[in-house]
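Report on one structure; see the data block that follows.
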Amino acid sequence: MIQRLKSTLAFLLESFFRQHLMAQRRASPATVNAYRDALRLFLLFASQRAGKSPSRLSLEELDRDVVLAFLDHLEQERHNSVSTRNLRLTAIRSFFQHVAYCDPQAMSLANRVLTIPSKKTTKRLMNYLRQDELDAILAVPDRSFPQGRRDYALLLFLVRSGSRVSEAIGVNVEDLQLQQPSYVLCRGKGSKERMVPLAKDIVAVLKALIHERGIETDFQSPVFVNARGQRLTRHGVIHIIHRAVASATNPPLRSKSISPHTMRHTAAMILLQSGVDLTTIQSWLGHASVNTTHHYVEADLEMKRRALEKCKITEADLVIYQPSDQVLALLEAL
């Protein structure tokens, strides 16, 4: 009876989240939420396909064919990107790894799911703001009103700290050191903490914001809150950015897709163009590998132009290749 209980879908799901993700891996709330959403979508799809409620599904009804059909459903019907499809698959794989560990009898089923490959994605150019675009966005908030002062502080904080949106909305008063040397304690992916120095302009803005709200000694109070005094959400930050972009006096901005991560990319590009080395930028942003940070070098067109100007390129006569054989000529004509 106990063994049969441990093989039920409900038991495996609960142990996956509570024991594996939270207790053993100590996954961040963002990771837990992402895995929860992926598995919820998957179970709803499987229940509709099987014609029964999710609570009545058996593990055997979540085989490789159902997972593949779900992945096609994400792309074709929900119009998810390949990247989103791959992220959902990562969550499903992680769950089935847990299934194989907990229930050896299900190892064959789990292994078939684990062999499903991720799709290759198109590597897009990194999106960041030029200085004139950034200035146009920062000029939008009306700082004669509390909301405008909050919006300006948030936008400036994102681009000065290079923090992720989850890190920015998670900042409490106790995480700020506004006396010299000034810094903010950011809690990043995988429960990793890092200290990020703060420039004088954002320090002054944060001091004014905290003083206005009267929370200098309320150390657990969130720094960025909504109109109801509650901690800002990810969607709230996205709304503030979109509102600023829509009102900015820079028409080309409206054709760009600007997100909180765009502000993070902008912070990195400002550091890079100021001559800061990649290892320091890696530490600043909290990247696990410097290879991730190196993408900013690839995206910086101005650096490439300066490198081109330093190169001495001499003109040479153009020689057109001519195949010397009929077979080669045939292949060249294809």
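Take the conditions (1) assigned to a helix (DSSP H, G or I); (2) more than 23 Å from the chain's Cα centre (by Cα); (3) of a type in the set (A, V, I, L, M); ILE238 misses just one of them, which is (2). The residues of the stretch 51-74 that are among the small types (Gly, Ala, Ser) and touching a Ser or Thr at 6+ places or on another chain (Cβ under 9 Å), listed by number, are SER53, SER55, SER58.
Give the number of residues within the stretch 50-60 that are surrounded by 15 or more Cβ atoms within 10 Å (Cβ to Cβ) and within 21 Å of ARG78 (Cβ to Cβ). Before the answer, list the steps.
So the first thing to find is which residues in the stretch 50-60 are surrounded by 15 or more Cβ atoms within 10 Å (Cβ to Cβ), and the list is 50, 54, 57, 59.
Checking the rest, the ones that are also within 21 Å of ARG78 (Cβ to Cβ) come to 50, 54, 57.
Within the stretch 50-60, residues that are surrounded by 15 or more Cβ atoms within 10 Å (Cβ to Cβ) and within 21 Å of ARG78 (Cβ to Cβ) number 3.
With respect to (1) closer than 29 Å to ARG25 by Cβ; (2) surrounded by 14 or more Cβ atoms within 10 Å (Cβ to Cβ), the lone exception for HIS235 is condition (2). With respect to the conditions (1) free of Cβ contacts under 8 Å to residues at least 12 places away in the same chain; (2) hydroxyl-bearing (Ser, Thr, Tyr); (3) surrounded by fewer than 13 Cβ atoms within 10 Å (Cβ to Cβ), SER47 lacks only one, and its number is (3). For ALA204, the conditions (1) out of contact with any strand residue (DSSP E or B) (no Cβ under 9 Å at 6 or more places or on another chain); (2) under 28 Å from PRO252 (Cα atoms) are fulfilled apart from (2). Can you pull out the residues in the stretch 16-33 that are among the small types (Gly, Ala, Ser), in contact (Cβ under 8 Å) with a residue 12 or more places away in the chain and assigned to a helix (DSSP H, G or I)? Across the stretch 16-33, the qualifying residue is only ALA30.
Looking at ASP63, ASP37, ASP103, which is the one that is modelled with pLDDT under 90 and surrounded by 12 or more Cβ atoms within 10 Å (Cβ to Cβ)?
On the way: ASP63 fails: modelled with pLDDT under 90; ASP37 fails: modelled with pLDDT under 90.
So the residue among ASP63, ASP37, ASP103 that is modelled with pLDDT under 90 and surrounded by 12 or more Cβ atoms within 10 Å (Cβ to Cβ) is ASP103.
Would you be able to say whether some residue in the stretch 254-267 is within 20 Å of the chain's Cα centre (by Cα), surrounded by fewer than 10 Cβ atoms within 10 Å (Cβ to Cβ) and at pLDDT 85 or above?
Here is the first cut: in the stretch 254-267, the ones within 20 Å of the chain's Cα centre (by Cα) are 256-267.
Filter again for surrounded by fewer than 10 Cβ atoms within 10 Å (Cβ to Cβ), leaving 257.
When the remaining residues are screened for being at pLDDT 85 or above, the result is 257.
Yes, that holds for at least one residue.
When ASP135 is tested against (1) over 30 Å from ASN226 (Cα atoms); (2) without any contact (Cβ under 8 Å) to a residue 40 or more places away in the chain; (3) outside the structural domain of LEU9 (by TED's automatic domain parsing), only condition (1) is not met. A residue that is exposed (fewer than 14 other Cβ atoms within 10 Å of the Cβ), over 22 Å from the mean Cα position of the chain (by Cα) and part of a loop (DSSP other than H, G, I, E, B) occurs somewhere in the stretch 110-120.
Residue-level check: of (1) closer than 30 Å to ILE169 by Cβ; (2) touching a Pro at 6+ places or on another chain (Cβ under 7 Å), SER81 misses just (2).
What number of residues within the stretch 196-211 satisfy the criterion of being in a strand (DSSP E or B) and surrounded by 15 or more Cβ atoms within 10 Å (Cβ to Cβ)?
Residues in the stretch 196-211 being in a strand (DSSP E or B) and surrounded by 15 or more Cβ atoms within 10 Å (Cβ to Cβ): 1 in total.
Quick one: would you say ARG194 is assigned by TED's automatic domain parsing to the domain that holds GLY286, charged (D, E, K, R) and closer than 27 Å to ASP135 by Cβ? No: the conditions fail for ARG194.
Let's see how each residue does on (1) modelled with pLDDT of 95 or more; (2) within 22 Å of GLY229 (Cβ to Cβ):
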position	(1), (2)
ARG149	yes, yes
PHE157	yes, yes
SER161	no, no
ALA168	no, yes
SER182	no, no
CYS186	no, no
SER191	no, no
ALA199	no, no
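Screening ARG36 against (1) without any contact (Cβ under 8 Å) to a residue 24 or more places away in the chain; (2) outside any helix (DSSP H, G or I); (3) charged (D, E, K, R) leaves a single unmet condition, (2).
For residues that are more than 24 Å from the chain's Cα centre (by Cα) and in contact (Cβ under 8 Å) with a residue 24 or more places away in the chain, tally how many sit in the stretch 185-216.
Of the residues in the stretch 185-216, the ones more than 24 Å from the chain's Cα centre (by Cα) are 199-201, 203-216.
If we keep only those that are in contact (Cβ under 8 Å) with a residue 24 or more places away in the chain too, we end up with 199, 201, 203, 205-210, 212, 215-216.
Residues meeting the conditions: 12.
Here's the yes/no breakdown for (1) surrounded by 22 or more Cβ atoms within 10 Å (Cβ to Cβ); (2) touching a Cys at 6+ places or on another chain (Cβ under 8 Å); (3) among the aromatic types (Phe, Trp, Tyr); (4) in a loop (DSSP other than H, G, I, E, B):
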| residue | (1), (2), (3), (4) |
| --- | --- |
| ARG143 | no, no, no, yes |
| ARG149 | no, no, no, no |
| LEU154 | yes, no, no, no |
| LEU158 | yes, no, no, no |
| SER166 | no, no, no, no |
| LEU185 | no, no, no, no |
| ARG194 | no, yes, no, no |
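Across the stretch 250-274, which residue is farthest from ARG164 (Cα to Cα) among those that are part of a helix (DSSP H, G or I) and of a type in the set (A, V, I, L, M, F, W, C)? Lay out the reasoning, then the answer.
So in the stretch 250-274, the residues part of a helix (DSSP H, G or I) come out as 251-255, 260-273.
Subset that is of a type in the set (A, V, I, L, M, F, W, C): 253, 263, 267-272.
Details: LEU253: 21, MET263: 9, ALA267: 11, ALA268: 12, MET269: 15, ILE270: 16, LEU271: 16, LEU272: 18 Å.
Checked the stretch 250-274; the qualifying residue farthest from ARG164 (Cα to Cα) is LEU253.
The values are calculated or read from the model by the stated rules, or taken from the named source; none is laboratory data. This is a predicted model, so every value here is computed, not measured. A quick note on method: Cβ atoms are made from the backbone with ideal geometry, for glycine too, and the neighbour counts reach across all protein chains shown.
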